[in-house]
Every structure is written in structure tokens, then in C-alpha cells.
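Okay, so here's the structure we're looking at.
No lab work stands behind these numbers, since they all come straight from the coordinates. These figures come from a predicted structure and were not determined experimentally. Cβ coordinates were reconstructed from backbone atoms using ideal geometry, including for glycine residues, and neighbour counts include every protein chain displayed.
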Amino acid sequence: MTDAFDLFRISPDHEELRDAVRTLARDKIAVHAAEVDETESFPRDAYVALRASDFHAPHIPEEYGGAGADALATCIVIEEVARACASSSLIPAVNKLGTMPLILAGSEELKRRYLPPVAAGEAMFSYALSEREAGSDTAAMRTRARADGDEWVLNGTKTWITNAGESEYYTVLAVTDPEGRRGANISAFVVEKSDAGVGFGAKERKLGVKGSPTREVHLANVRIPGDRIVGEPGEGLRIALRTLDHTRVTIGAQAVGIAQGALDVALAYVKERKQFGKHIAEFQGVQFMLADMAMALEAARQLVYVAAAKSQRDDPDLPFFGAAAKAQASDAAMRITTDAVQLLGGAGYTRDFPVERMMRDAKITQIYEGTNQVQRIVMARSLLAR
Ligand SMILES: Cc1cc2nc3c(=O)[nH]c(=O)nc-3n(C[C@H](O)[C@H](O)[C@H](O)COP(=O)(O)OP(=O)(O)OC[C@H]3O[C@@H](n4cnc5c(N)ncnc54)[C@H](O)[C@@H]3O)c2cc1C
């Protein structure tokens, strides 16, 4: 029986991990966050620092050379990095997103070939599901993979792919049976950056997470060995959506981190700034805003952590909790970062303070890995199936 005092408490190991990531993020990542945003450049210093501490892909199991972090520990890493720099937090987040299809459904051989280089920090792994005309409606994808002897030949364009061009490896979803049942005619493959016929579009010009490159991935007669399929033919979309059940929790963690970063800045500012002869922290109107921000943040954090535990156990209600954690935390992050800008007044609206960046970065958490409307569809589906 669990000690009553340990119920609902993060373990000392997880708290130790949080302290370590927080220190690293403060000393080695936060200092570059404004520049990474301003210059729209990949956060290379952050990647080096994350690799040196094994925080770049912490979820990879030990048997494949990884740190073997559980789902909660992975969320804590992403949260603490996002608190300093959202773009940098996409390194561990997208390494998990890209490799999760392999971890869930890949052959032992594929896992042995592709997980160790990611664990060692020699390669990153992206996830290529979306297309220009197939965003929320993923089953409408047009990318094709045709069997040719022992090989597959891929053609099409995947859109909005995070870290495309930087990553060595890609989980690519493609239709393998054009005449087959919609959704059940899609398969997942590992494509390498170096495969002949792989190309990348220009970087998207984005509102936020500007340090994380988002590009199209072009596939022109890309010929890959037959054993690069992940799972069985026709299982691809199921694997891709199961992956998102797990990784939406990490986007919730990213949102919590961004929101915490903004609250930190707002708290420090209101204790310094004086108007009407006193610190603005003394005004009850300001205090109520801070209380509401912290309350929403803590509610989001708790939901993310519960969802992380469900992800770790692979609970049957993970789809509901993953969607709820992502939607709740990202909506909270948008409100909290907007209020943080408000509390800094004119200063908050300038690039001299980090809250405007955090507000722009928060917005993406409501959109990717399924918009928050799509999360509500997922939640409603779970509720109505009970
Ligand atoms: C910075 C960034 C990074 C990304 N990274 C990746 C990545 O690494 N890999 C990847 O595969 N994809 C990635 N994406 C794609 C992302 O997941 C999609 O943009 C998202 O799923 C929405 O698809 P869409 O943009 O086509 O919007 P649409 O599907 O066109 O949606 C437009 C609007 O309609 C609403 N809507 C659509 N359908 C419904 C419905 N049935 N009910 C109610 N409302 C609905 C949406 O909620 C939204 O408000 C990324 C996107 C961005 C912007």
C-alpha cells in the first residue's frame, strides 16, 4: 500500500531531475532564447547543452542506448526547457514524436537501427503526417507508397514538418492502398534525409517557435527497402494517432512551461514597477490577475502530470486525457502569456522583455498535434463511446 503522504506527490527522483533541467535551462538555454527567436535560427547551443546532459531525447528506452525516462520525466524535461525557450523544447518533444511510432509498433530490427543514434544525439527524428490539404483530416493525405519488388517507392509532399532539414530521420505516413478503406489504407515508413529523392521546402515564416524550422518534406520517387515499414501495411494511421495520444501530453507540458516562464517574468516585474507611488503588485486588481494565472497554470500542470502517468501505463482512457491535457494547458498558456504581456504594460509589448515571445510561442500549442477543436472531437468520441 502506498504511504498516504506519497499519494499525489511527484517522486524525489522526478524533483531532482526537474532541478537539474531547470539549472541547465537557466544557464545554457535561456541566454540564447531571444536571439534564436530574433534570428529564426535553430537553437544549436541548446541542442549541444541538452545532449551533454542526455535531455535531448530522454524517453528512449535504456535497451536502445537511451536515458529511459518515463513519460512524466520526459514531460518535466520539456516543461523546464520550454520555460526558458519554447523552440528548444521542440528538440526533446519532436524526438519523442518522431520515434514513438517505432517504439509502439516498429520491428526489433528497425528499433535497433534507428533509436540508438537518436539516443546518442547523433540524429534527430521528425514526424511527417500533415499535408497541405490534409491537416485535421489526416486520412485525406495524398502521399503514396507503392510496393516494387522488395522495396517501397514514395511520392508526395508532407507539410509543416517540425525540424525538417535538421533531422536525419522521418516517420512518413503514406497511402499504400489507394482503393482501400479510407484511413485503413495508410502505412508508416522510416525515411532518411540522405535517401535519394528527399528534398525540403523553404522555412515557413511563423508567428512563434521561430527557432524550430518548419518545412515541407518533398518525396520524389524515394526508393526505400521493404523493411523500413513501421508495423503492418494499413496500420499507419492507427499508429500515427496512437503516437499523438502519448505526445499530446508533452505538448501540454510545453504549454505549462511557456506559461510558467511568463508568470515568472510577470511576478518579478510587478514587484519592481511603481505607479501611483507604490509597487503595482500592491493593487488588488493586479493581485487577482496573478492569482487567476497561477490557478489556471497549476490546474493545467496537474492534468498534464496525470495524463503523463496514463501515458506511461498506456491506460485505455489515455486518448481522453492526452487531448484534455493538451487543450486545457494550451488554452491556459495562451491566457496566461496574454495576461503577462498586460501586466508589463507597454514594456510587455516590446521585444525588450520575453513575454511577447512567450505569447507568440504559446499560440502554436493550441494548433499543432491536432487543433484544440480536434482535441474536443477526440474527447467527445471517448465520452460517447463509454
Ligand atoms: C509550427 C507548426 C509545426 C507543425 N509540426 C508538425 C509536424 O512536425 N508534423 C506534422 O505532421 N504536422 C505538423 N504541423 C501541422 C499541424 O498539426 C496542423 O497544422 C494542424 O493539425 C491543423 O491542420 P491545418 O493547419 O491543415 O488546419 P485545418 O485542418 O485546415 O483547420 C483549420 C481550422 O478548422 C478547424 N477544423 C477543422 N476540422 C474541424 C472539425 N471537424 N470540427 C471543428 N473544427 C475543425 C480547425 O480546428 C482550425 O481551427 C505543424 C504545424 C505548425 C503550424
Filtered hits (aspartates and glutamates, Cα-Cα < 15 Å from Lys193, offset >= 8 within chain) -> Glu122, Glu166, Glu168, Glu216
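Write out the chymotrypsin sites (Phe, Trp or Tyr not before Pro) in the stretch 1-106 meeting two conditions: DSSP loop, and at most 16 other Cβ atoms within 10 Å of their Cβ.
Here the chymotrypsin sites (Phe, Trp or Tyr not before Pro) that fit, given the DSSP loop and packing criteria, are Phe8.
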So, with points 7 Å from each Cα along the Cβ direction, the Asn221-Asp317 label distance in nm works out to 5.4 nm
Phi-derived 3J(HN,Hα) across the stretch 363-370 with the Karplus relation (6.51, -1.76, 1.60, θ = phi - 60°), rounded Hz, x for Gly and Pro, is 4, 5, 5, 7, 10, 7, 6, x
Projected onto their principal axes, the Cα atoms of the stretch 61-149 stretch, largest extent first, over whole-Å spans of 41, 31, 21
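Using a cut-off of 12 Å between beta-carbons, work out the net charge of the residues near Ser87 (Lys and Arg +1, Asp and Glu -1, Ser87 not included).
Net local charge, Ser87 excluded: -2.
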Once both label points are put 7 Å beyond Cα along the C-beta direction, the Leu267-Thr39 separation in nm becomes 3.2 nm
With the label point 7 Å along the Cα-to-beta-carbon line of Arg132 and a cut-off under 11 Å to each amide N, the hits in the stretch 188-207 are none
Listed by chain and number, the aspartates and glutamates with an alpha carbon less than 13 angstrom from that of Lys310, same-chain partners under 8 positions apart left out, are Asp70, Asp245
The aspartates and glutamates whose Cα lies under 12 Å from the Cα of Lys28, excluding any fewer than 8 residues away in the same chain, are Asp45
Highest GNM mean-square fluctuation among Arg301, Arg112, Arg215, for the chain with Cα springs under 10 Å, belongs to Arg112
dims of the chain, Cα set, principal axes, largest to smallest, nearest Å -> 79, 53, 40
